[in-house]
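Below is one structure; the comments refer to it alone.
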Amino acid sequence: MALKWFKGKKKSEVATPTPEEQEEQAPAKDDGAPQPATPNDTTAPQPPVPEPLPAQTASAPAPGDSAPASTGKGLFARLKRGLTKTRTILTTDIDQLFSGKRQIDDEMLEEIEELLITADIGVQTAMDLMDGIARKASRIQTPDALKQLLKQELQTLLANAAPPTDALQEKPHVVMVVGVNGVGKTTTIGKLAAREIHQGRKVLIAAADTFRAAAVEQLTIWAERAGAELVRHKEQADPAAVAYDGIEAALARGMDTVYVDTAGRLHTKVNLMEEIKKIQRTITKKMPGAPHEILLVLDATTGQNALAQAKMFNESLGVTGLVLTKLDGTAKGGIVISICQQLQLPLHFIGVGEGVDDLQPFDAARFVDALF
């Protein structure tokens, strides 16, 4: 059945760049005089700036974005809104499958499998789901019954997805953030920092993406909005040196959490992956046991390619958790299920919008409910 679908699969449309992708591709700007590369070259937190930001900084947070994340129905409403495209494919097409039929036959089973693959759940995951549906097909006579069965099967697949923990085992708790170009690492770090500061923690960000000129500027804006401290060096400085100075400053100032930003790199480029390994070794040299987390940021709009990225980064660095961004910009939200089943890595956060509140801790049950 999966082979039949692949033969008829149309070429995917090129996704329109989102603000987060524009952020990663922003043109270089004059950042003024270079900063001396010493541990004292840190930027202290500044109070939020009341006037609006320049129009070209599309990825920078709005003044209200430093507000604490909401809870309860507010979060679910954002999640449901962010999954609108995926939900439309699943629910509308399931309703149409039952048009003029009262029972599932072999032809409908093929159409259901094709529907799941279209949502980027993945071929193997779709086949596993279809095994369960086929065994219970005789009892399914309505679209609602099929949706309920799918929800049960998906929740079973996601049952082992590990949630993020709020308990910091070490102080400072060092988090290294990695990923390819354009996935939204800088924005994700800003949102995570704002979240932790709202919980009463002291956060420092090490701007170790010295390759892209706009990266330090954008991270500076996020740090100021959130109230985080920032360690930065001049453009094109050694990123490992920035990471080292960031850990040193965090130890001296009694920080709770350190986020180390890194330059985007293709997972297939061996020399670039070796450079990021050097950053990891430098952090460990300064603080044995660190980094305590290596978060890989993935772009949901890339679909199954995100799986290949995760496998390569995990082999090189030992990824401890995932962040999946831009779920609101794709009809392929099923990639969440594929990632959780195939990678056996905890999915910590999902991004369903541009606001701080739209980066949410992943909750498997709530995610499946929002899909239907």
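Here, each number is a calculation from the coordinates, and none is a lab measurement. Just so we're clear, the structure is a prediction, and the values are computed from it rather than from any experiment. Please note: Cβ atoms are built from the backbone with ideal geometry, for glycine as well, and neighbour counts cover all protein chains shown.
For Asn305 and Ala213, FRET efficiency with R0 = 25 Å and r from the beta-carbon atoms, rounded to 0.05?
0.40
Any idea what the relative contact order of region 212-282 is, in percent, if you count C-alpha pairs under 8 Å spaced at least 6 apart? Walk me through the numbers on the way to the answer.
Working: 34 pairs, mean separation 20.5, N = 71.
About 29 percent, as a whole number.
Provide, for q = 0.23 Å⁻¹, the log10 of I(q)/I(0) from a solvent-free Debye sum over equal Cα point scatterers in region 327-370.
The Debye formula, applied to the Cα set alone, gives -0.87.
With a 10 Å Cβ neighbour count serving as the proxy for reagent exposure, in which order, fewest first, do Thr186, Thr320, Thr88 appear?
Working: Thr186 30, Thr320 18, Thr88 11.
So the residues, fewest neighbours to most, are Thr88, Thr320, Thr186.
Under the definition of Cα pairs under 8 Å and six or more residues apart, what whole-number percent is the relative contact order of region 258-372? Present the calculation step by step, with values, prior to reporting the outcome.
On the way: 131 pairs, mean separation 22.2, N = 115.
Across region 258-372, relative contact order equals 19 percent.
Could you grab the Rg to Rh ratio for region 233-315? Cα atoms only, Kirkwood for Rh.
1.00
As a test of the definition: which semi-axes, in Å, follow for region 218-359 when you take the square root of five times each eigenvalue of its alpha carbon gyration tensor? Largest first, please.
Values: eigenvalues 146, 73, 39 Å².
Equivalent-ellipsoid dimensions as semi-axes: 27, 19, 14 Å.
Note the full-extension length gain between Asp131 and Ala77 as 0.36 nm times their separation in residues minus their Cα-Cα distance, in nm to one decimal.
Numbers: separation 54, 0.36 × 54 = 19.44 nm, distance 3.18 nm.
Extra length available between Asp131 and Ala77 comes to 16.3 nm.
Near the amide H of Glu235, under 5 Å away, which other amide H atoms are found, from residues 5 or more places off or on another chain, if H is placed in the peptide plane?
Under 5 Å from the amide H of Glu235: Gln35.
What percent antiparallel are the DSSP beta bridges of region 243-372, to the nearest 5?
Values: 3 of 11 bridges.
Of all bridge pairs located within region 243-372, approximately 25 percent are antiparallel.
What is the distance, in nm, between label points placed 7 Å from the Cα along the Cα-to-Cβ direction at Arg139 and at Gln236?
6.7
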